[in-house]
1. Considering region 42-62 alone, what residues qualify as being under 11 Å from the mean Cα position of the chain (by Cα) and at pLDDT 90 or above?
2. All but one of (1) at pLDDT 95 or above; (2) within 21 Å of residue 35 (Cα to Cα) hold for residue 116; which doesn't?
3. Could you tell me whether residue 31 is under 18 Å from the mean Cα position of the chain (by Cα), without any contact (Cβ under 8 Å) to a residue 24 or more places away in the chain, surrounded by fewer than 14 Cβ atoms within 10 Å (Cβ to Cβ) and under 17 Å from residue 107 (Cβ atoms)?
4. Regarding region 86-97, can at least one residue be identified that is without any contact (Cβ under 8 Å) to a residue 40 or more places away in the chain, surrounded by 14 or more Cβ atoms within 10 Å (Cβ to Cβ), farther than 18 Å from residue 13 by Cα and in contact with a strand residue (DSSP E or B) (Cβ under 6 Å, 6 or more places away or on another chain)?
5. For residue 134, only one of the following conditions fails: (1) in contact (Cβ under 8 Å) with a residue 60 or more places away in the chain; (2) more than 19 Å from residue 69 (Cβ to Cβ); (3) in contact with a helix residue (DSSP H, G or I) (Cβ under 8 Å, 6 or more places away or on another chain). What is its number?
6. Which condition number does residue 93 fail, the rest of (1) farther than 19 Å from residue 119 by Cβ; (2) at pLDDT below 95; (3) touching a helix residue (DSSP H, G or I) at 6+ places or on another chain (Cβ under 7 Å) being met?
7. For residue 99, state whether it is in contact with a helix residue (DSSP H, G or I) (Cβ under 9 Å, 6 or more places away or on another chain) and over 22 Å from residue 43 (Cβ atoms).
């Protein structure tokens, strides 16, 4: 299968999975969250694909959570502040930045990124017959 086809499949799955998580967590989602998750899936999966298996999973999750938090900040400034879509507002939560990101969700993104790394690795193994995942914790 061609590289772009794999990327498209994983990207769409990333968007779908995130929307399902958001539906379970908040009870609703927004179409822009599918797009953001699908687009974010591409560089995150590419980085994960090129990281050595020896890199600890917690470090990969921390890096992924940081990327997601930065993307959420950018998307929030565009969608919520500039376009005034009011998709989310963290201004009442402690440790927030302009109401678009906060410490609570930044930590949650680290957990979500770690879970996504493992899930995408197994999807690559099952769907595309790539290397069986194995991880280091330390």
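The values are calculated or read from the model by the stated rules, or taken from the named source; none is laboratory data. Just so we're clear, the structure is a prediction, and the values are computed from it rather than from any experiment. No Cβ is skipped: glycine too gets one built from the backbone with ideal geometry, and neighbour counts run over all protein chains shown.
1. Restricting attention to region 42-62, the residues satisfying the condition of being under 11 Å from the mean Cα position of the chain (by Cα) are 42-45, 61.
Residue satisfying the conditions is 61 alone.
2. Every condition holds for residue 116 apart from (1).
3. no
4. Taking every residue of region 86-97 in turn, at least one turns out to be without any contact (Cβ under 8 Å) to a residue 40 or more places away in the chain, surrounded by 14 or more Cβ atoms within 10 Å (Cβ to Cβ), farther than 18 Å from residue 13 by Cα and in contact with a strand residue (DSSP E or B) (Cβ under 6 Å, 6 or more places away or on another chain).
5. Residue 134 satisfies every listed condition except (3).
6. The number of the failed condition is (2).
7. Values: in contact with a helix residue (DSSP H, G or I) (Cβ under 9 Å, 6 or more places away or on another chain): yes; over 22 Å from residue 43 (Cβ atoms): yes.
Yes.
Conditions (1) outside any helix (DSSP H, G or I); (2) touching a helix residue (DSSP H, G or I) at 6+ places or on another chain (Cβ under 7 Å); (3) buried (at least 18 other Cβ atoms within 10 Å of the Cβ), marked per residue:
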residue	(1), (2), (3)
12	no, yes, no
18	no, yes, yes
22	no, yes, no
45	no, yes, yes
49	no, no, no
61	no, yes, yes
66	no, no, no
72	no, no, yes
